[in-house]
Amino acid sequence: MPKVVIHYKGQRHEANVPTGMSVLIGATMCGLEELGFGDCGGNLVCATCHVRVNSGTFPAMKYDEQLVLDTLPQIYANSRMACQLRVSEDCDVEWMGARG
Ligand code: FES
């Protein structure tokens, strides 16, 4: 299973996530959902799953994902929504959340 590494507030979390599951599921496996990540349950509404992708390969962003990103106060060239990122290989992300 691919390893998902999540950096959040200076701490490193990791989980082995089954191929095809989302990075958001990886956050749940790390116990991070209790901090308010993924409020909408992966329905592409809340933007609390905003991450910056440091490494890993994911399908191109769809229009709906870009619309949600555009609601954030700040986004980056590597910004994505973790609920939309299906894991296919090891990856590394920084969790930004809805703060941008
Ligand atoms: S979990 Fe709400 S937009 Fe991703």
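Laboratory data are not the source of any read-out in this text; all were calculated from the coordinates shown. Since the structure is predicted, the reported quantities are computational estimates derived from the model, not experimental observations. Neighbour counts are summed over all protein chains in view; Cβ atoms, including those assigned to glycine, are modelled from backbone coordinates with ideal geometry.
Quick notes on this one:
- Residue check for V4: surrounded by 13 or more Cβ atoms within 10 Å (Cβ to Cβ), part of a strand (DSSP E or B) and aliphatic (A, V, I, L, M): yes
- Any chance H13 is surrounded by fewer than 17 Cβ atoms within 10 Å (Cβ to Cβ) and touching a Leu at 6+ places or on another chain (Cβ under 7 Å): yes
- Set side by side, the residues L32, L85 differ, and just one is crowded, with 19+ Cβ neighbours inside 10 Å and within 11 Å of the chain's Cα centre (by Cα), which is L85.
- Filtering Y63, Y76 for residues that are farther than 13 Å from A98 by Cβ, among the aromatic types (F, W, Y) and either surrounded by 11 or more Cβ atoms within 10 Å (Cβ to Cβ) or within 9 Å of the ligand (Cβ to nearest atom) (or both) leaves a single hit, Y76.
- In region 28-48, the residues that are under 16 Å from R99 (Cα atoms) reach residues that are near the ligand (Cβ under 6 Å from one of its atoms) and of a type in the set (S, T, Y) with C-beta atoms within less than 7 angstrom, at least six apart or across chains, in these pairs: G36/T48; F37/T48; G38/T48; D39/T48.
- Screening N54 against (1) surrounded by fewer than 17 Cβ atoms within 10 Å (Cβ to Cβ); (2) within 11 Å of the ligand (Cβ to nearest atom); (3) assigned to a strand (DSSP E or B) leaves a single unmet condition, (2).
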